[in-house]
Amino acid sequence: MSATSNPRQSSQKDILGKPLNGWRLTFYTVIFEADTRAGKAFDVTLLLLILASVSVVMADSVAELHARHGTTFRALELIFTAIFTVEYLLRLACVQYPGRYARSFFGVVDLLSVLPTYLAFLFPGLHALIDVRVLRLLRVFRIFGLSAYVNEYRSLVLAIRHSARKILIFLSFVLIVTVVMGTVMYVVEGPENRFTSIPTSIYWAVTTMTTVGYGDISPVTTTGRFIATVMMLLGWGTLAVPTGIVTVEMSQVGAWRKTATTRTCPACLSEGHPPDAGFCMHCGATLPAYRSEE
């Protein structure tokens, strides 16, 4: 079998599947990592541009400001869109697998942050969707030292993942209680007291048990008020259960106590790899050499 007939070897000949080097590695380090001076400067600049872009869209939605500065706002928006478009293309160009990045959460957000401007030429009403750019702040906020809390974040995620089954069982219990109590209240109060159906009564049970209590539906009879009192007290008790479950799991998690950075895997785009790591802890891909700010 020839080398070109092997799909894996053939894909390795594609520059987008090869390990990063040259200009791609340089851009990758600046754009995706914030542990270097250049990376931090890039993220700070991007943060300011995102805030300015969102502010322009918000200001343009005010009728008085739009009447006075509408032309200026449109020009600024085109400039912001051009900058974010170039940035998006650079992200695709410098990652090892552009398709994976394009399908990732932040890849979709980056695309949606520029798409409304272009679609607005055909559908003017979509212009307001540009505010989706604010979601990008989730990524660039790491430059303000939030990477120091990566360990705690990963511990919380791991604890929630380990608690998922227990929380699911707990929510199932809450669902059963609300269905049963809602049905009982439908029988006790009836349509004459605005409990017009079992789904409506279940809605009341949910708002009561979660201590929201909109007040749009309330029991009138003595029995109904007694049931409501029990539901309220039960709601206070149930609020503490998920917190206790996650807290216990967090106390048992000690796997993420290593120093983490904003190092990003070029293959699967996962973050938080220790400075001395040579391979991705998720997919096993080789990591570029770590470049600290110092």
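The values are calculated or read from the model by the stated rules, or taken from the named source; none is laboratory data. Computed from a predicted structure; not experimentally measured. When we count neighbours, we look across all protein chains shown, and the Cβ atoms used for this are built from the backbone with ideal geometry, even at glycine.
Filter the stretch 241-271 down to the residues that are modelled with pLDDT of 75 or more and farther than 17 Å from S155 by Cβ, then identify the one that is surrounded by the fewest Cβ atoms within 10 Å (Cβ to Cβ).
If we take residues in the stretch 241-271 being modelled with pLDDT of 75 or more and farther than 17 Å from S155 by Cβ, then V241 is surrounded by the fewest Cβ atoms within 10 Å (Cβ to Cβ).
Let me spell it out: the conditions are (1) surrounded by fewer than 15 Cβ atoms within 10 Å (Cβ to Cβ); (2) more than 30 Å from S163 (Cβ to Cβ), and S201 meets all of them except one. Which number is the exception?
(1)
Which of (1) of a type outside the set (A, V, I, L, M, F, W, C); (2) modelled with pLDDT of 85 or more; (3) over 18 Å from E271 (Cα atoms) is the odd one out, the single condition G17 does not satisfy?
Exception for G17: condition (2).
For L129, state whether it is of a type outside the set (K, R) and either modelled with pLDDT of 60 or more or surrounded by 15 or more Cβ atoms within 10 Å (Cβ to Cβ) (or both).
Judged against the criteria, L129 is a match.
Taking the stated definitions as given, is E77 farther than 23 Å from H273 by Cβ and either modelled with pLDDT under 85 or surrounded by 15 or more Cβ atoms within 10 Å (Cβ to Cβ) (or both)?
Details: farther than 23 Å from H273 by Cβ: yes; either modelled with pLDDT under 85 or surrounded by 15 or more Cβ atoms within 10 Å (Cβ to Cβ) (or both): yes.
It is true that E77 is farther than 23 Å from H273 by Cβ and either modelled with pLDDT under 85 or surrounded by 15 or more Cβ atoms within 10 Å (Cβ to Cβ) (or both).
With the condition kept exactly as written, say whether any residue in the stretch 83-106 is acidic (D, E) and at pLDDT 90 or above.
Yes, the stretch 83-106 contains at least one residue that is acidic (D, E) and at pLDDT 90 or above.
Need pairs with beta-carbon distance below 8 Å; first residue closer than 19 Å to L158 by Cβ and within the stretch 272-284, second charged (D, E, K, R) and not in a loop (DSSP other than H, G, I, E, B); sequence gap 6+ or separate chains.
Here the result reads G272/R154, each pair linking the stretch 272-284 to a residue that is charged (D, E, K, R) and not in a loop (DSSP other than H, G, I, E, B).
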